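Student: I'd like to ask you about the structure that follows.
The values are calculated or read from the model by the stated rules, or taken from the named source; none is laboratory data. Note that the coordinates shown come from a computational prediction; the quantities given were computed from them, not determined experimentally. Counting neighbours? That spans all protein chains shown, and the Cβs are built from the backbone with ideal geometry, glycine included. Remember, those area values only see protein heavy atoms, side chains included, never the ligands or the DNA or RNA. Shrake-Rupley method; radii C 1.70, N 1.55, O 1.52, S 1.80 Å.
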Amino acid sequence: MFKRLMTAGLLFGMAATAPPAYAANCALRDTVVNRLQSQFSETLTAGGLQASATTQTVIEVWASQETGTFTVILTNPQGVSCVVAAGTDFFNQKAEQMPKGAPS
């Protein structure tokens, strides 16, 4: 009985702490962008629209060639952005171009 109570307590405790931890990575898009620009010298590098059956979100990759850092954010229609990934050692991969007249 004690094991079940302890397990239930841990599971519910972890579930109760997850939303505030996730919410700490979210803010209005302008706030997130200002922080990325001022603290990490990151600029918008890539982005796209992610659509599901119920909503659409904008995915953006912010990166800095100077510091090598990058951040991936999701922005919902209400203008709230959440950091979903961040890291170091960012690089760009240039797409290879096919010569004109070559079969594709």
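Student: Please specify each residue of segment 44-79 satisfying the condition of being in contact with a helix residue (DSSP H, G or I) (Cβ under 7 Å, 6 or more places away or on another chain) and either open to solvent by 50 Å² or more (accessible area, probe 1.4 Å) or in contact (Cβ under 8 Å) with a residue 40 or more places away in the chain (or both).
Tutor: Once the filter is applied, which keeps residues that are in contact with a helix residue (DSSP H, G or I) (Cβ under 7 Å, 6 or more places away or on another chain) and either open to solvent by 50 Å² or more (accessible area, probe 1.4 Å) or in contact (Cβ under 8 Å) with a residue 40 or more places away in the chain (or both), segment 44-79 yields Thr67, Ile73, Thr75, Gly79.
Student: Against the condition modelled with pLDDT under 95, part of a helix (DSSP H, G or I) and surrounded by fewer than 10 Cβ atoms within 10 Å (Cβ to Cβ), how does Ala8 come out, does it pass?
Tutor: So Ala8 fails the test.
Student: Could we say that Val84 is under 13 Å from Val32 (Cβ atoms) and open to solvent by 60 Å² or more (accessible area, probe 1.4 Å) here?
Tutor: yes
Student: For segment 67-81, check the following and say yes or no: at least one residue is over 13 Å from the mean Cα position of the chain (by Cα), in a helix (DSSP H, G or I), at pLDDT below 95 and not aliphatic (A, V, I, L, M).
Tutor: no
Student: Report the residue count in segment 53-66 for those that are under 18 Å from Arg35 (Cβ atoms) and in a loop (DSSP other than H, G, I, E, B).
Tutor: Qualifying residue count, segment 53-66: 2.
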